[in-house]
Amino acid sequence: MTSVPVTEHLSGFAAGVALADLPPEVVARTRLLVLDLAGNAVRARHDAESTPALLAAVRALGLDRGDSRVFGDGATYAPAGAALINATLGHSLDFDDTHAEAVVHPGAPVIPAALAAAEMTGASGAEVIAGIVAGYEVALRLALALPAGAHYDRGYHPSATCGAFGAAAAAGRVFGLDAADIASAFGIALSQSAGSLQFLANGAWTKRFQVGWAGMAGLVAATLAREGFKGAAAPLEGRHGFLNAYAPAPVPERAVRDLGQVFELMATGVKPYPSCRWGHAGIDAALALREELGLRPEEIEGATLGISRAGLLLVGEPAARKADPQNIVDGQFSGPFVIAAALATGRMDWDSYKALHDPLIRGLMPHIACENDPEIEAEFPANMSGKLTLRARGEVFTRTVIVPKGEPANFPSEAELRGKFSGLADAVLGAERATALAEEVLRLDRLNDGAALLRHAA
């Protein structure tokens, strides 16, 4: 049991954070992260193959009986159902935000929990922004304290496990809970924190679901605490608490270091490609080399993607399976597929998965290997870097990408993020309604009704 009162510090921060005290750049970045999540969720509502089964189950469970809304959906749901659906949709395309060092997708569980809480209470946009910031900081700092690599080694999915606590903090802050009640919400979330990497075995949809469950679990935990339900004491640092139970050698001090002064939210990147972040440096390199050399697919003899050990686990091993993806989730976690798609077509977007069984791409994949590269390993965990060694025209070409596009040090402009949003949402909502939703999101902190933007997303 650690002597660092992590629960006390994080619950106190979550209860006390206010829009007026946040640096302007944090508020501006938060709006952009909400925009990124909204675009992903809108498109996934209609395009993700797991969505029909998810919605059917929600209806079967009676979670469609309420006034809460879902991105890209004209129906209404119970608050828990809306949080579950929005959080699952936010992660379903694997196109959502990522904190490299924490190895967490924080937006998908946190933002839907904050919005569902706002619909329950009529909270303002300023309260929603404060809740989202609280949620990001809690989820990310817990992952950093585990640390994430050791958590991964045990087979856990930190976006889901840490996401439940982040969602609880977000909903609790929107509800206006005090520090003691948010601490109790953490104690309740501890009983719901779950997420396994076993989805890698068969491309299961559980990766999406467990992040969605984290969003709903956090909302449920905060609601129970609001109604006086008692949660476990010291749920984060206790002997059987989260940090000690979910990792072999946690560093609890990391969870509270510079809390309220340094915002881990600002170290969160966004994805330009809808696939596992570990392949993005390689995609950047592949697209750059293809354009620079004017390569035709038939000129490519093979390629090797050098990445860190953590990345190799997700996109490179087992090699035979990664070279033969059978479904979208397989493709999202296949280094050979994303590199082959980029080299063959000059793009890697959501529609690239329609080419999963294209003979040209299939022919390239067996010639694309992934390996641990010492130079790239040295960049982890600060950067999710990659080195692509390409063999073509009887020559060898190498491109190293230390900071992939979308990372905080290479963050897209508002115009670029609006372009990504439009590319996802226009096909579902139409350009006019998608633009209206984007405008509403980008003035979220000024909305009297923080959940009003959901009415533009139906």
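The values are calculated or read from the model by the stated rules, or taken from the named source; none is laboratory data. Since this is a predicted model, take the numbers as computed values, not measurements. As a convention, Cβ positions derive from the backbone with ideal geometry for all residues, glycine included, and neighbour counts pool all protein chains shown. We work out accessible area using only protein heavy atoms, side chains counted, and drop any ligands, DNA or RNA first. Shrake-Rupley method; radii C 1.70, N 1.55, O 1.52, S 1.80 Å.
Values for this structure:
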| read-out | value |
| --- | --- |
| Helix-only [θ]222 nm of the chain, DSSP H runs n ≥ 4, -39500 (n - 2.57) each, per residue, nearest 500 | -16000 deg cm²/dmol |
| For G269, distant residues with modelled amide H under 5 Å away | T98, H99, A100 |
| Charge sum, other residues only, whose C-beta stays under 13 Å from V174's C-beta, Lys/Arg counted +1 and Asp/Glu -1 | -2 |
| Heavy-atom surface of region 101-239, accessible at 1.4 Å and reported per residue (Å²) | 26 Å² |
| Solvent-accessible area, 1.4 Å probe, carbon plus sulfur percent, for region 1-131 | 52 percent |
| By average C-beta atoms within 10 angstrom, highest first, the peptides 433-440, 334-341, 375-382 | 334-341, 433-440, 375-382 |
| Rounded, prolate or oblate (a/c below 1.5 giving rounded, otherwise prolate when a/b exceeds b/c) for the chain by Cα gyration tensor | prolate |
| Cα-based shape type of region 241-325, given that a ≥ b ≥ c are square roots of the gyration tensor eigenvalues and the cut on a/c is 1.5 | oblate |
| Under Karplus coefficients 6.51, -1.76 and 1.60, residue-wise ³J(HN,Hα) of region 186-201 in Hz, glycine/proline x | 4, x, 6, 4, 4, 6, 10, 6, 8, x, 10, 7, 5, 4, 5, 5 |
| In order through region 301-307: 3J(HN,Hα) via Karplus (6.51 cos²θ - 1.76 cosθ + 1.60), integer Hz, x for Gly, Pro | 9, x, 7, 10, 9, x, 9 |
| 0 to 90° range, to nearest 10: angle between helix 431-441 axis and the chain longest Cα axis | 50 degrees |
| Under 5 Å, built H, 5+ apart or other chain: amide partners of D178 | none |
| Inter-centroid distance (Cα atoms) of region 354-405 relative to region 62-90, Å | 39 Å |
| Highest to lowest packing among 259-272, 212-225, 174-187, scored as the average C-beta count within 10 Å | 212-225, 174-187, 259-272 |
| Whole-number accessible area per residue in Å² for region 283-398, which is evaluated in the context of all protein chains at 1.4 Å | 41 Å² |
| Fully extended contour minus Cα-Cα distance, from S413 to A452, at 0.36 nm per residue | 11.6 nm |
| Relative contact order for the chain, counting Cα pairs under 8 Å that sit 6 or more residues apart, in percent | 21 percent |
| Long-range amide H partners of A369 with built H, under 5 Å | A303, T304, L305 |
| On Cα atoms only, tilt of 280-293 relative to the major axis of the chain in degrees | 40 degrees |
| Table column - 3J(HN,Hα) (Hz), region 83-97, Karplus curve with 6.51, -1.76, 1.60, x for Gly and Pro | 5, 4, 5, 4, 5, 5, 4, x, 9, 5, 8, 6, 10, 9, 5 |
| Rel. contact order, % - alpha carbon contacts under 8 angstrom, at least six apart, region 8-126 | 25 percent |
| Percent accessible area from carbon and sulfur atoms, region 142-259, protein chains only, probe 1.4 Å | 56 percent |
| K207 accessible area, assembled protein chains, probe 1.4 Å, Å² | 10 Å² |
| The chain: angle of helix 206-226 to the longest principal axis, Cα-based, in degrees nearest 10 | 10 degrees |
| Taking region 122-173 and dividing mean pair separation by its residue count, relative contact order in percent (alpha carbons under 8 Å, at least six apart) | 56 percent |
